[in-house]
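Participant: To start, I am sharing the structure in question, which I have written as structure tokens.
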Amino acid sequence: MAHAYTPGLKVSSREIVRKIRRLPIKGDVFPEVGDMVQPHDIVARTEIPGDPASVNISQLMTVEPYELPDVVLVKPGDQVEKGQVIARKVSFFGLFKSEQMSPVDGVVEMVSEVSGQMVLREPPTPLDVEAYVEGIVRRVLPGEGVVIETAGAFIQGIFGIGGERRGEIKVVASSPDEQISASDIDESCAGKIVMIGSLATSEIIRRAEEVGVLGLIAGGIVDHDLIEYLGYDIGVAITGHEDIPLTLIITEGFGPMRIADKTFDLFKELEGRTASINGATQIRAGVMRPEIICPDPDLVAELKDAPDSIDTEEEEDAGGLGIGTPIRIIREPHFGALAEVTGLPPELQMIESEAHVRVLSARLVDGTEVTVPRANVEIIEG
């Protein structure tokens, strides 16, 4: 029987999850292997270099570059404050004096007698990396970060916006296909991660923002509502860095979309528990999916005595397609549709683009039989 190996969306009540928490540049790492960490524990810290500010001393003070030593009052490595005199020129026996002030607070990085430029480096910005989840440190990456292992419920979405947040799960929708209204988001939702049913409208998102909701989980969203809320079209960029006060995770696709029963039932079980969420999404060149991680304290405690099962090279899990495998279609014309594999023909078939690819047959939830390229589906793993 033919097989295809595709990334799958996980929906699991018991999953071991490993998160790499890494600094963008070298810094200090605090935990040791075997340490238990909490979500807000700082596991690594560094400083991001400040922006450079270039001052053309030669031009501003009408001197030749080789004359800079005669007018510059500071040297590389000196701390300067905004408004401090960094260069002074005196002429006509002291009758005329011109001065150049520092435009920023910072450190003198370079004074060039070739270009006549002085480069000032603004103060660095401290950057802390938190653990994000409760778990055990399985690896320490010297100067870079750690690998944290946790255990509990793990749900991946198909699309999201907004970064990492943590809060209590609250289910507002009464069924997987309910479409709630903005008025259903009230003060009881403040500071929580709220499951809102089949559709996230711009009105609901704005209401959630007003109330102070940390996260919204919905089956679908209409693209113009997303653009209206953000104020721009995100295109194919990596999401997760939007300047918004909440995180939105879509579990099924675009448009009003019934949430998969298994996903909805799991959220009902998790109601009242605290979860970590991240809306970061990347479809191309290294798939990254939005996620909801809800550690189980008992399962996390068991990890302390469990053997280390991490390979030297972290690898993404892969799943095999088979008859009956639950899938989600991730390309038009059936984008976001849930289905079940009914056939895996081994021969290549021509598709609309005239490319010859491996395909599969699947039965949609409404009973419709479709044929789609295997690369256009994701396995829904349990």
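Participant: From the list 283, 292, exactly one residue is closer than 29 Å to residue 245 by Cα, modelled with pLDDT of 90 or more and within 23 Å of the chain's Cα centre (by Cα). Which is it?
Facilitator: Values: 283 fails: modelled with pLDDT of 90 or more.
Step by step, each of 283, 292 is checked, and only 292 is closer than 29 Å to residue 245 by Cα, modelled with pLDDT of 90 or more and within 23 Å of the chain's Cα centre (by Cα).
Participant: While we're on this one: Of all residues in segment 205-217, count the ones that are touching a residue at least 40 places away in the same chain (Cβ under 8 Å) and outside any helix (DSSP H, G or I).
Facilitator: 3
Participant: Six or more apart or on different chains, Cβ under 8 Å: which pairs go from a residue in segment 52-65 that's outside the structural domain of residue 104 (by TED's automatic domain parsing) to one that's part of a helix (DSSP H, G or I) and modelled with pLDDT of 95 or more? Could you list them?
Facilitator: Pairs found: none.
Participant: Let me ask something else about it. Name the single residue that is nearest to residue 249 (Cα to Cα) among those in segment 136-172 being in contact (Cβ under 8 Å) with a residue 60 or more places away in the chain and assigned to a loop (DSSP other than H, G, I, E, B).
Facilitator: 157
Participant: Just need a number here: residues in segment 225-272 that are without any contact (Cβ under 8 Å) to a residue 12 or more places away in the chain and either of a type outside the set (D, E, K, R) or part of a helix (DSSP H, G or I) (or both).
Facilitator: Of the residues in segment 225-272, 6 are without any contact (Cβ under 8 Å) to a residue 12 or more places away in the chain and either of a type outside the set (D, E, K, R) or part of a helix (DSSP H, G or I) (or both).
Participant: Report whether or not residue 246 is crowded, with 20+ Cβ neighbours inside 10 Å, in contact with a strand residue (DSSP E or B) (Cβ under 8 Å, 6 or more places away or on another chain), at pLDDT 95 or above and of a type in the set (A, V, I, L, M). Before you say what the answer is, go through the steps one by one.
Facilitator: Numbers: crowded, with 20+ Cβ neighbours inside 10 Å: yes; in contact with a strand residue (DSSP E or B) (Cβ under 8 Å, 6 or more places away or on another chain): yes; at pLDDT 95 or above: yes; of a type in the set (A, V, I, L, M): yes.
Yes; evaluated as a whole, the condition is true for this residue.
Participant: I'm checking my understanding of the structure. Among residues of segment 181-201 that are among the small types (Gly, Ala, Ser) and part of a helix (DSSP H, G or I), which one is surrounded by the most Cβ atoms within 10 Å (Cβ to Cβ)?
Facilitator: Going through the qualifying residues, I end up with 182.
Participant: Turning to a different aspect of this structure: Please count how many residues of segment 133-155 are under 26 Å from residue 379 (Cα atoms) and in contact with a Pro (Cβ under 7 Å, 6 or more places away or on another chain).
Facilitator: Count: 4.
Participant: Take residue 217 and decide whether it is within 27 Å of residue 378 (Cα to Cα) and touching an Asp or Glu at 6+ places or on another chain (Cβ under 7 Å). Outline the logic, then answer.
Facilitator: Numbers: within 27 Å of residue 378 (Cα to Cα): yes; touching an Asp or Glu at 6+ places or on another chain (Cβ under 7 Å): no.
No.
Participant: Tell me whether segment 133-151 contains one or more residues that are of a type in the set (S, T, N, Q) and in contact with a Lys or Arg (Cβ under 9 Å, 6 or more places away or on another chain).
Facilitator: Yes: segment 133-151 contains one or more residues that are of a type in the set (S, T, N, Q) and in contact with a Lys or Arg (Cβ under 9 Å, 6 or more places away or on another chain).
Participant: Residues of segment 79-99 being of a type outside the set (A, V, I, L, M), at pLDDT 95 or above and in a strand (DSSP E or B), which ones?
Facilitator: Hit for segment 79-99 is 79, nothing else.
Participant: Scan segment 16-32 and report the pairs whose first residue is assigned to a loop (DSSP other than H, G, I, E, B) and whose second residue is among the hydroxyl-bearing types (Ser, Thr, Tyr), with Cβ atoms within less than 6 Å and a gap of 6+ or a chain change.
Facilitator: Partner pairs satisfying both residue conditions: 23/46; 25/46; 27/46.
Participant: Determine, yes or no, whether residue 11 is under 18 Å from residue 130 (Cβ atoms), at pLDDT 90 or above and assigned to a strand (DSSP E or B). Steps first, answer last, please.
Facilitator: Working: under 18 Å from residue 130 (Cβ atoms): no; at pLDDT 90 or above: yes; assigned to a strand (DSSP E or B): yes.
So residue 11 fails the test.
The values are calculated or read from the model by the stated rules, or taken from the named source; none is laboratory data. Since the structure is predicted, the reported quantities are computational estimates derived from the model, not experimental observations. All Cβ positions, even for glycine, are placed from backbone atoms using ideal geometry, and neighbour counts span all protein chains on display.
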